[in-house]
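Report on the following structure.
The values are calculated or read from the model by the stated rules, or taken from the named source; none is laboratory data. Note that this is a predicted model, so its numbers are computed, not measured. Cβ sites come from the backbone with ideal geometry, for glycine too, and all protein chains shown count toward neighbours. We work out accessible area using only protein heavy atoms, side chains counted, and drop any ligands, DNA or RNA first. Shrake-Rupley method; radii C 1.70, N 1.55, O 1.52, S 1.80 Å.
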Amino acid sequence: MRPFDYTRATDPAAAVAAVAAQPGAAYLAGGTNLVDHLRLGVAAPAALVDVTRLPLGEVAERPDGGLSIGATVRNSDLAAHPLVRARYPVLSQALLAGASGQLRNAATTGGNLLQRTRCVYFQDTTTACNKRTPGSGCSALGGWTRHHAVLGASEHCVAVHPSDMAVALAALDATVVVLGPEGERRVPLGEFHRLPGDAPERDTVLRHGDLVTAVELPAPRRESGSGYRKIRDRASFAFALVSVAAVLELDGPPGGRRRVRDVRIAWGGVAHKPWRATLAERALRGETLEPGAARALFRAAADAELTAARPLEGNAFKTGMVRATTAAVLGALTGDGHDGDHGERAEERR
Ligand SMILES: Cc1cc2nc3c(=O)[nH]c(=O)nc-3n(C[C@H](O)[C@H](O)[C@H](O)COP(=O)(O)OP(=O)(O)OC[C@H]3O[C@@H](n4cnc5c(N)ncnc54)[C@H](O)[C@@H]3O)c2cc1C
């Protein structure tokens, strides 16, 4: 590990000025990702500016009924917050599906959004990786690709974004509040993370010195339900093979014929960013859910999205898995079918 300067910022503008002034400086929050990278040699910042004492640790209700989540709110506090549990269950469920209790006690909202890929080649400095060392090549192509992308990848990078929380935020149409050297701006979550293209070293649209200060959630809409499901190799303490976050609004009485007024679906574990399944959403909006037949509709909607999928040799199972998981999450939200659907379970396992 290379020596570095350490300072603790007490106000956001001073933190931004300190990082912006030094090309090799970075923010340090809970340290659960960055400190690992210092040890592994994946990152070697000249200076760290600790943001954990900034006054950004509150969850506050906004005048429009939405929520403002400070960047240093810990993942465990956010998951347990009564307003999050009551109004945004998808977010609470996604947070609780991530890491472990101890890690969630340390991890922050800002750090979680900005955590880097778990691609084994990115984390192994003895291998070529365009994300770690631009222009060096991609060892995952032709390598071990079980956890890699099936959507939106490029010839330069097939890594996936690891955050569970960000997948829920994508489905919730969250907005990221950023303070930069030129002032404050708001970035929709869907535009915050990037696809790799020919610059996979850039995970997000942030520029050097930009500080995430908060994440804003819109007020929950009327009669909506939401949920998150994560499929992984172990029951806990493992990153998603695939995950699905969904927010669903229905017209019509429970138990009767219901119509999809609106739906928002985001997938994790399949791309370099939380993947908003807009084609699947479009296929479902306005559809009437016939009792007993809804799951076939949900699977067909997922297939509409998956026409763009380009699986690698080791991860073709992900398309069937994300289709089945999408149907299971939406099925649970509509009360249609049951978790014991053997077809979906078999598909999830493959
Ligand atoms: C064993 C293990 C298992 C895990 N499992 C999961 C899992 O299943 N699901 C999951 O989602 N996550 C998982 N994680 C990842 C964990 O959630 C992240 O490490 C954590 O959320 C990062 O938050 P942090 O505050 O510790 O960030 P840090 O490590 O402090 O920082 C991470 C990055 O964010 C930047 N940063 C931090 N705050 C800001 C800010 N306010 N503005 C701008 N930049 C900022 C830092 O410069 C750094 O680049 C796991 C981690 C470990 C170690």
Say whether the condition of being at pLDDT 95 or above, small (Gly, Ala, Ser) and farther than 21 Å from VAL90 by Cβ is met by at least one residue in the range 260-282.
no
Considering only the range 232-249, I want to know if a residue exists there that is open to solvent by 20 Å² or more (accessible area, probe 1.4 Å) and away from the ligand (no atom under 12 Å from the Cβ).
no
Of all strands (runs of 3 or more DSSP E) completely enclosed by the range 1-90, which ones contain at least 1 residues that are in contact (Cβ under 8 Å) with a residue 24 or more places away in the chain, open to solvent by less than 50 Å² (accessible area, probe 1.4 Å) and near the ligand (Cβ under 10 Å from one of its atoms)?
25-28, 47-50, 67-70
Looking at the range 91-103, which of the residues that are open to solvent by 40 Å² or more (accessible area, probe 1.4 Å) and under 19 Å from LEU172 (Cβ atoms) is nearest to the ligand (Cβ to nearest atom)?
LEU96
For the range 121-129, does any single residue satisfy the condition of being crowded, with 19+ Cβ neighbours inside 10 Å, more than 19 Å from the chain's Cα centre (by Cα) and more than 11 Å from the ligand (Cβ to nearest atom)?
yes
Looking at SER154, is it surrounded by 15 or more Cβ atoms within 10 Å (Cβ to Cβ), among the hydroxyl-bearing types (Ser, Thr, Tyr), away from the ligand (no atom under 16 Å from the Cβ) and within 20 Å of LEU306 (Cα to Cα)?
yes
Let me spell it out: the conditions are (1) in contact with a Phe, Trp or Tyr (Cβ under 8 Å, 6 or more places away or on another chain); (2) under 30 Å from GLY137 (Cα atoms), and ASP210 meets all of them except one. Which number is the exception?
(1)
